[in-house]
Amino acid sequence: MNFTPAASRAGRGSLRLYFAIVVLVMYAPLAVLMLLAFNKSTIAAFPMTGFSLHWFRVAAQDHELLTALAASIKIAVAASLVALVLSSLAGLGLARNRFRGRAVVYLLLLSPLIMPFIVVGVILLVFFKVMGVPLSSFTVVIGHVLVILPYTLLVLVPRLVQINPELEEAARDLGATRLGAYWHVLRPLMTPALVSGFIIGLTTSFDEYPVASFLIGNGITFPVYLYSRLRLPTGQAEIVAVGAVITLITLLLVIVAVAFQWASGLRSDGRPRRGGLRRGGSRLRTAGAAQGGPRAAGVPVSQLTTAAQGSQGDERA
């Protein structure tokens, strides 16, 4: 089917209009939140009675609010780091090996995605009670690792599949240990996915409510505190001010992640930009040298794959 230039222009105009509507629907509530954060009234609603920083000062002096925020940040960072390590190990096993039941294992690791969080919270609550584990921030971290793991796995596995395994084998042939090959060859190529997975885990854990409400015990997290305060009309303005600050921090994290990916020499799809491969190549050349390999220093990047192919040919012979 042939399209005329007029039809093509109309299609592009429709796509631009659709994109503008999607952006408006997504970000208009955030703009309203940012505006109401400066409302002088005790009720977060229009019309505004004036602009003021009063509720930011009130939030900065609220000890219970600050305690809940600190607890949520600590839990989110701990859960994200643990989930990132576990998903990296699982991703390496799934991307680098072919074994019977591989698809079943992958589906089991992703199964928390289809389970309601409230069900996950109840199951873990019963489990910890039976095992005699006291409810605390530690139990919330365990629950959040279970929730975050599928998201980080979905980010890391596609990136690992894109990386040529012959690069690791070539680094091993040039004198690097298995750990050295991972650290100097695989880790730099995985870094954008690692950063993305960490940010996804951080934001998911920070605003997760059902699992935390079952497992926090006598403690409190920010979502639990938030839902308890929203029942009182006088507490809405303070919560809106805190929400505005968290929104700005979240946008800053996204900007940092995009800037980091740009600096790493990779495009948004994980493939190298023009010139980015050479920057990554300097790290690949040092893989064996950092581990004391006598042949690694000064080896061109193109010979890494050649060395791996040669070693595979020798094994076949």
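The values are calculated or read from the model by the stated rules, or taken from the named source; none is laboratory data. Values in this document were obtained by computation on a predicted structure and should not be read as measured data. Heads up, the Cβs are rebuilt from the backbone with ideal geometry, glycines too, and the neighbour counts pull from every protein chain shown.
Look through region 194-242, keep the residues that are of a type in the set (S, T, N, Q) and not in a helix (DSSP H, G or I), and return whichever of them is modelled with the highest pLDDT. Checking each candidate, the answer is T221.
For F46, state whether it is more than 23 Å from the chain's Cα centre (by Cα) and closer than 15 Å to I216 by Cα. Against the criterion (more than 23 Å from the chain's Cα centre (by Cα) and closer than 15 Å to I216 by Cα), F46 does not qualify.
Among the numbered criteria (1) small (G, A, S); (2) assigned to a helix (DSSP H, G or I); (3) surrounded by 13 or more Cβ atoms within 10 Å (Cβ to Cβ), which one does G11 miss? Failed condition: (3). No other residue among F19, F46, F38, F99 is among the aromatic types (F, W, Y) and assigned by TED's automatic domain parsing to the domain that holds V157 apart from F99. Counting only residues that are free of Cβ contacts under 8 Å to residues at least 40 places away in the same chain, in a helix (DSSP H, G or I) and farther than 18 Å from L230 by Cβ, region 19-56 holds 13 of them. Pairing each residue of region 110-131 that is over 14 Å from Y209 (Cβ atoms) and assigned by TED's automatic domain parsing to the domain that holds T152 with any residue that is among the aliphatic types (A, V, I, L, M) and not in a helix (DSSP H, G or I), provided the two are 6+ apart or on different chains, yields C-beta distances under 9 Å for I123/M115; L125/L135; F127/V133; F128/L135; K129/L135.
Candidates V157, V185: the one that is assigned to a helix (DSSP H, G or I), assigned by TED's automatic domain parsing to the domain that holds L202, in contact with a Gly (Cβ under 6 Å, 6 or more places away or on another chain) and more than 30 Å from F214 (Cα to Cα) is V157.
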